[in-house]
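Data first, discussion second: the structure below is written as structure tokens.
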Amino acid sequence: GAVVSQHPSWVICKSGTSVKIECRSLDFQATTMFWYRQFPKQSLMLMATSNEGSKATYEQGVEKDKFLINHASLTLSTLTVTSAHPEDSSFYICSARDGGLAKNIQYFGAGTRLSVL
Amino acid sequence: LAKTTQPISMDSYEGQEVNITCSHNNIATNDYITWYQQFPSQGPRFIIQGYKTKVTNEVASLFIPADRKSSTLSLPRVSLSDTAVYYCLVGPMDTGRRALTFGSGTRLQVQP
């Protein structure tokens, strides 16, 4: 299947700093990518939909000024957590759908564990 | 999107067959059923997808009855490495820009 690469896999930062997470589709083009957040023992929660060449669409309750999303190319979307605080510590996962396939299969990155001190 | 209901957890032993059933009573005509597997601290991994009857791949089988209001993921001869959370998702094919919505999933624990 298609491969989605996410980097970094783990990051620790100080409170008040910003962290950028990259999500790449390695062998296919993705006009749309998705960013999820997952707390321990909980399911994935959709944060936003990243659209190539246009603004991201955020889910209700997700601060767009805090979680900046950029989808500058068909293979790369980035999520920047600005002015991170301890409550932003979580597991962030991106995904992309291979538009070349007929079926609605989303492929996921390995996730990024963010710890804010 | 159709709401899904799965058991919260299941226990099994190595070598047994495990069947996880998902209910999706309000599935729409153009909805497909997709199952994902997630290990701790990893992104979900696609397992199998189907529309009706039976689908089989090298990992699992998916059984879907005629009314499509439920589906059963079958894992043959599980091993310890199959311990994971399994998610059942229902949604239309080729939704373009619509993300998949995850329910609570089923936490499978395989014991020796």
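The values are calculated or read from the model by the stated rules, or taken from the named source; none is laboratory data. This one's a predicted model, so the numbers in the text were calculated from it and none came from an experiment. Here Cβ is always computed from backbone atoms with ideal geometry, including for glycine, and neighbour counts include all displayed protein chains.
Numerical summary
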quantity	calculated
Residue that is nearest to the other protein chains (Cβ to nearest Cβ) [pool: residues in the stretch A:1-43 that are small (Gly, Ala, Ser) and within 24 Å of residue A:116 (Cβ to Cβ)]	A:43
From the options B:70, B:61, B:79, B:74, residue that is touching a Lys or Arg at 6+ places or on another chain (Cβ under 7 Å), at pLDDT 95 or above and more than 9 Å from every other protein chain (Cβ to nearest Cβ)	B:61
Residue match in the stretch A:88-110 (condition: over 30 Å from residue B:9 (Cα atoms), of a type in the set (A, V, I, L, M, F, W, C) and in contact with a strand residue (DSSP E or B) (Cβ under 7 Å, 6 or more places away or on another chain))	no
Residue list for the stretch A:1-54, filter: without any contact (Cβ under 8 Å) to a residue 60 or more places away in the chain and assigned to a loop (DSSP other than H, G, I, E, B)	A:26, A:27, A:39, A:40, A:41, A:42, A:43, A:44, A:52, A:53, A:54
Which numbered condition residue B:37 misses (of (1) closer than 27 Å to residue A:58 by Cα; (2) touching a residue at least 60 places away in the same chain (Cβ under 8 Å); (3) not in a loop (DSSP other than H, G, I, E, B); (4) not aliphatic (A, V, I, L, M))	(2)
Selection count, the stretch A:97-117, where residues are at pLDDT 90 or above and either out of contact with any helix residue (DSSP H, G or I) (no Cβ under 8 Å at 6 or more places or on another chain) or over 30 Å from residue A:16 (Cβ atoms) (or both)	8
Top-ranked residue in the stretch B:92-106 [being touching a strand residue (DSSP E or B) at 6+ places or on another chain (Cβ under 6 Å) and within 9 Å of chain A (Cβ to nearest Cβ); ranked as nearest to residue A:32 (Cα to Cα)]	B:97
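Condition check ((1) within 9 Å of chain B (Cβ to nearest Cβ); (2) in contact with an Asp or Glu (Cβ under 6 Å, 6 or more places away or on another chain); (3) surrounded by fewer than 17 Cβ atoms within 10 Å (Cβ to Cβ)) across all residues:
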position: A:46; (1), (2), (3): yes, yes, no
position: A:49; (1), (2), (3): yes, no, no
position: A:55; (1), (2), (3): no, no, yes
position: A:61; (1), (2), (3): no, no, yes
position: A:64; (1), (2), (3): no, no, yes
